[in-house]
């Protein structure tokens, strides 16, 4: 059954053409909001698609086609675009809202699997979905068809988001709570600030460096030059490798040069991936890692990210 749905998605990908492009352009060009409608299982998908558009920078609402005929048509106005999702394209409840949109001058994007259907024939921008078998054993329960509708809605929303140039900061403003908002939070909002940084001068003796390492809670010490720029890092591994000379060595003789650092604007979710991929537990935060040695702005530990709920 899953294979049937996967094959349907491949068919959908290969079938999308000018209608898809026109739909994206119509949504980008609207002055008000995207109104999405559908009946039954298509209605459930339509609700989700509306939520995805709204969460990615495009104002969108769901209107129930039956309720539309009892006054909710007032939710549509010039400047809107109407997206209609249907499998057969002939669901009777859709006729009122489609006809109202046409009379009002609201562009209609119609997505259905039957070429000669109400939705496709009345749509200003028809998107013909592959007419494939449902995953249901008796070919009745909406399964494959709703999977394609969901994928189409996601594709429209993501394409429009990219066309709008929606930034991570914009997405964060739309997701102030929950795991998405946390993952998009810049490291600078979570990091330990400059007054807590475990730093030693490059010419400091190793007894001093070890004292800095053990007095903090990060298990490392950053090594700085005369202007305060980070030029190296000392970790437990460095101590083990130079154990025999620690009593007389200087910090610059033991440190690892060019340590891995994190930009201050890196989202917390990416920072967690960065630490895991590099198999390190903490990293100093700088303004721009590509600009060479810089004064560290802060430090982030993997436990800080985990405590905030990232995983």
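Here, each number is a calculation from the coordinates, and none is a lab measurement. Given the structure is predicted, the values throughout are model-derived calculations rather than measurements. Positions of Cβ are backbone-derived with ideal geometry, glycine not excepted, and every protein chain shown enters the neighbour counts.
Residues in the range 252-274 that are closer than 17 Å to residue 308 by Cα and either in a helix (DSSP H, G or I) or more than 19 Å from the chain's Cα centre (by Cα) (or both): 268, 269, 270, 271, 272, 273, 274.
Checked against (1) in contact (Cβ under 8 Å) with a residue 24 or more places away in the chain; (2) out of contact with any helix residue (DSSP H, G or I) (no Cβ under 7 Å at 6 or more places or on another chain); (3) within 16 Å of residue 20 (Cβ to Cβ), residue 119 meets all criteria but (2).
Take the residues in the range 65-100 that are touching a residue at least 40 places away in the same chain (Cβ under 8 Å) and assigned to a helix (DSSP H, G or I); name whichever of them is surrounded by the fewest Cβ atoms within 10 Å (Cβ to Cβ). Only one residue fits best here, namely 75. Within the range 48-62, the residues that satisfy the criterion of being in contact with a strand residue (DSSP E or B) (Cβ under 9 Å, 6 or more places away or on another chain), buried (at least 17 other Cβ atoms within 10 Å of the Cβ) and farther than 21 Å from residue 145 by Cβ are 54, 58, 60, 61.
Please go through the range 10-47 and pick out each residue that is touching a helix residue (DSSP H, G or I) at 6+ places or on another chain (Cβ under 7 Å), surrounded by 16 or more Cβ atoms within 10 Å (Cβ to Cβ) and outside any loop (DSSP other than H, G, I, E, B).
So in the range 10-47, the residues touching a helix residue (DSSP H, G or I) at 6+ places or on another chain (Cβ under 7 Å) come out as 12, 23-24, 27-28, 34-39, 41-42, 45.
If we keep only those that are surrounded by 16 or more Cβ atoms within 10 Å (Cβ to Cβ) too, we end up with 12, 23-24, 27, 34-39, 41-42, 45.
12, 23, 24, 27, 34, 35, 36, 37, 38, 41, 42, 45 - these are the residues of the range 10-47 that are touching a helix residue (DSSP H, G or I) at 6+ places or on another chain (Cβ under 7 Å), surrounded by 16 or more Cβ atoms within 10 Å (Cβ to Cβ) and outside any loop (DSSP other than H, G, I, E, B).
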